[in-house]
Amino acid sequence: MRRHRFGLQLACVAITLFFGVPLYLIALAAFSSRESLDRFPLPLLPTDLSAETITTFLGSTGVVGGYLNSLMVGLSTVVLALVIGVPAGYALARHAFRGRDPYQLFLLLTRALPIVVLSVPLARIFLQTGLYDTTYAVTLLHTALALPTTVLITSAVFVGVPREHEEAAQVFGASPARAFARVVLPQALPGIAAVAMFTFVLSWNEVLGATILTLNQRTLPAHVLTTLSDSPLAYRFAGGLALILPAIVFVAVMRRYLLNMWGTTLR
Amino acid sequence: MKITISDLVKTYPGQARRATDDVSLEIADGEFLVLVGPSGCGKTTLLRMVAGLETPDSGTIHIGDRDVTGVAARHRGISMVFQSYAIFPHMKVRDNIGFGLAMRKVDPAEIRRRVDQAAELLQLTEVLDRHPAQLSGGQRQRVAVARAVVVDSGVLLMDEPLSNLDALLRLQFRAELKKIVREIGTTTLYVTHDQAEAMSLGDRVAVMRDGRIAQLGPPLEVYDAPSDQFVGGFLGSPPMNFVPGPALGHASDVLIGVRAEKVAVGTERADDARPATVEVVEPTGASMLLTVLIDGHRLKVSAPPTFTATPEQQIWLRFDPTSLRFYDPETGLALLR
């Protein structure tokens, strides 16, 4: 038993280090002076901190704009994907209708297409409709990319809420909408939070489509991809940190809804 | 409130067999009626149609004098206890019990008063501010019952409410439930597959089979005079014995049904008794349950707990003619006595 626990703790530490060390190194490099990066051996402790790299990076053209665009796109995608995906997931979970299984398969099929294949015709359509080079265009693409998972995961979440709970709510006087809002939704919230995280991170990380669909209104990853390859090493670290941080903050905020919801740890 | 069920037919999509096959039933105001039968007999479907959770293909349901056949569950003025309890895990016990009142927009002070009252009735006062996850199975069951009785509706529906409790708890809560329902005096429709539960709770028992009511009557009447072989074999533990007439000295075109405890067992030869061979002896504490062979037919009879017998031993059985029931061997239906 004790040995088992020790092994478990060891595994936890290893996994944490696996994800944590790169984060630390990137943060360290982003906050070091350019000279110290070239030093050998590389100092692994924050001995030579400097905000110079990061401020220069943030001050360079397009970075702040890209940041805001990315946030806009990410949050809009989450909202849009949930607004469309949650009712669809609910319908899949609760109602037997003709073509349900093919529909589920079809949803997954959209992910089988490479983003480039999707983006080029989309770019054409967006150019015609005047949506090209806007955050809306990227939001629409990301919503389309996120929806299959949003629908399928929320449907699994709703399947996990017993139908009898909903029936009980209705027997005791709740309308279907009220039963959903008062009884089903609160129980599905942890799962929906997880979907929101997943969607946000997906949108935040998506580069290819965002690059194709914009010129000036780049999201941060698209901007970083196109500009940083020509930049000095230090800026790449600064860009890396800038890309990682918001996703971590978002996950940290949503995590609250995942754990300890009703005085018990869930799932 | 009186419940009148007329000619209810329901077939689930994709199934050839009717779940309920033209069922008619009247439940008097304040009556406790139990629907009992093996799984798949349509008892739960019938209950769910009364609740408004299933729509019948044809037939009508009246609650009081109102036709509620097409009325949504929430407008039927009913309350229900679900098999899985269906307690809301994200609400405290207090809010769970008060849910029905809150949905009916009752004044919060009044909700509080009535929830406290119901909690006291079901011994939940201590746990009112806890979440359901912190309760035992028995307590969750009580919350489900409290939530149903607190709304004071005209009709109370219960779908196998005791089936998730362990045997001891089930026995305890069964008596308590009977007392509570009698005190509040609500018309109750109760579904169970447990024949002992049906016998002990119901003012009347409706035994269901294949979507139809096989027999409807007070528990003892149904127990004592089953209308067909199925009912006799379903109700009672052990179930009723059925032997061909000649084995007990009757005509060959009848099947005789007799309850285990209606057979007098003796070790001495007697003129009016028939010989039988003991096969298995099972002491139950309250009685000695014997499996015996009479003329090649297996019978379960119960002897006093002090009765001693060993397998292979010959014993003598005396059948009181008034306790014998006669059935048609072809159809299994009771013959007129």
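Per residue, the protein assembly as shown exposes 49 Å² of solvent-accessible protein surface, assessed with a 1.4 angstrom probe and all protein chains in place.
Pairs spanning more than 28 Å between alpha-carbon atoms, out of B:Lys10/B:Lys92; B:Lys92/B:Lys178; B:Lys179/B:Lys262; B:Lys2/B:Lys43; B:Lys43/B:Lys179: B:Lys10/B:Lys92; B:Lys179/B:Lys262. How many percent of DSSP beta bridges within segment B:3-227 run antiparallel, rounded to 5? Bridges in segment B:3-227 that DSSP calls antiparallel: roughly 50 percent. Contact order, relative form, for segment B:30-175: 29 percent (alpha carbon pairs under 8 Å, 6 or more residues apart, mean separation divided by residue count). Here's the picture: a label point sits 7 Å out from the Cα of B:Arg298 along the beta-carbon direction, and within segment B:249-278 the residues with their amide nitrogen under 14 Å of it are B:278. If you model segment B:238-327 as an ellipsoid using its alpha carbon gyration tensor, with each semi-axis the square root of five times an eigenvalue, the axes come out at 21, 14, 12 Å, biggest first.
Principal-axis analysis of the Cα atoms of chain A puts helix A:100-109 at an angle of about 10° to the longest axis.
Taking a ≥ b ≥ c as the square roots of the eigenvalues of the alpha carbon gyration tensor, segment B:3-227 is prolate, as a/c is not under 1.5 and a/b beats b/c. Among A:Asn205, A:Asn216, A:Asn69, the largest mean-square fluctuation in a Gaussian network model of chain A (Cα springs under 10 Å) belongs to A:Asn216.
Compute the Rg to Rh ratio over the protein assembly as shown from the alpha carbon atoms, using the Kirkwood formula for Rh, and round to two decimal places.
On the Cα set of the protein assembly as shown, Rg over Rh gives 1.16.
Using a 1.4 Å probe over protein heavy atoms, the accessible area lost on pairing A with B, summed over both chains, comes to approximately 2100 Å². Leaving ligands, DNA and RNA out of it, report the carbon-plus-sulfur percent of the accessible area of chain B at a 1.4 Å probe. Whole-percent figure for carbon plus sulfur exposure: 49. Rolling a 1.4 Å probe over the protein heavy atoms of segment A:152-216, with every protein chain left in place, gives an accessible area that is 69 percent carbon and sulfur. Assuming R0 = 56 Å, what is the FRET efficiency of B:Glu183 and A:Ala51, from their Cβ-Cβ distance, to the nearest 0.05? Computed FRET efficiency for B:Glu183 and A:Ala51 comes out at 0.15. If one takes the longest principal axis of the Cα atoms in chain B, at what angle in degrees, from 0 to 90 and to the nearest 10, does the Cα axis of helix B:167-184 lie? Helix B:167-184 and the main axis of chain B meet at about 60 degrees. In this rough spin-label picture, where each label sits 7 Å from Cα along the Cβ direction, the A:Ser60-B:Asp29 distance is 8.5 nm. Per the Debye formula with a single identical scatterer at each Cα and no solvent contribution, what log10 I(q)/I(0) holds for segment A:61-258 at q = 0.08 Å⁻¹? Taken in order of the listed q values, log10 I(q)/I(0) reads -0.33. Comparing segment A:1-50 with the 2.2 N^0.38 Å rule of thumb, its C-alpha radius of gyration ratio is 1.63 (two decimals). Extending 7 Å from the Cα toward the beta-carbon at both A:Arg39 and A:Gln128 defines two label points whose distance is 6.0 nm. Sequence-distant contacts, meaning Cα pairs under 8 Å at least 6 residues apart, place the relative contact order of segment B:180-337 at 20 percent.
For the listed peptides A:3-15, B:220-232, A:110-122, B:21-33, a ranking on the average number of other beta carbons within 10 Å per residue, highest first, reads B:220-232, B:21-33, A:110-122, A:3-15. Take every pair of alpha-carbon atoms less than 8 Å apart whose residues are at least six positions apart; their mean separation over the length of chain B yields a relative contact order of 16 percent.
With r defined as the distance between the Cβ atoms of B:Ala196 and B:Thr322 and R0 fixed at 35 Å, what FRET efficiency is calculated, to the nearest 0.05? Each step should come with its number before you reach the end.
Details: r = 25 Å, r/R0 = 0.71.
Efficiency, rounded to the nearest 0.05: 0.90.
Taking the protein heavy atoms of segment A:70-131 in the context of the full set of protein chains, the accessible area attributed to carbon and sulfur is 74 percent at 1.4 Å. Placing pseudo-labels 7 Å out from each Cα toward the beta carbon at A:Val253 and A:Val117 gives an inter-label distance of 3.6 nm.
Two numbers describe the Cα atoms of segment B:93-232: Rg and Dmax, which are 17.1, 55 Å. Calculate the FRET efficiency for A:Val79 and A:Ser229 from the Cβ-Cβ distance with a Förster distance of 41 Å, rounded to the nearest 0.05. That gives a FRET efficiency of 0.80.
Restricting attention to the protein assembly as shown, close to 75% of DSSP beta bridges with both partner residues there are antiparallel.
A quarter of the convex hull surface defined by the alpha-carbon atoms of segment A:56-122 gives 6.7 nm² as the mean projection. Counts of other chain beta carbons within 10 angstrom of each beta carbon in peptide B:72-80 average 5.
The values are calculated or read from the model by the stated rules, or taken from the named source; none is laboratory data. Predicted model only: the values in this text are computed from it and were never measured. Don't worry about glycine lacking a Cβ; one is built from the backbone with ideal geometry, like all the others, and counts go over all protein chains shown. Accessible surface areas use protein heavy atoms only, side chains included; no ligands, DNA or RNA. Shrake-Rupley method; radii C 1.70, N 1.55, O 1.52, S 1.80 Å.
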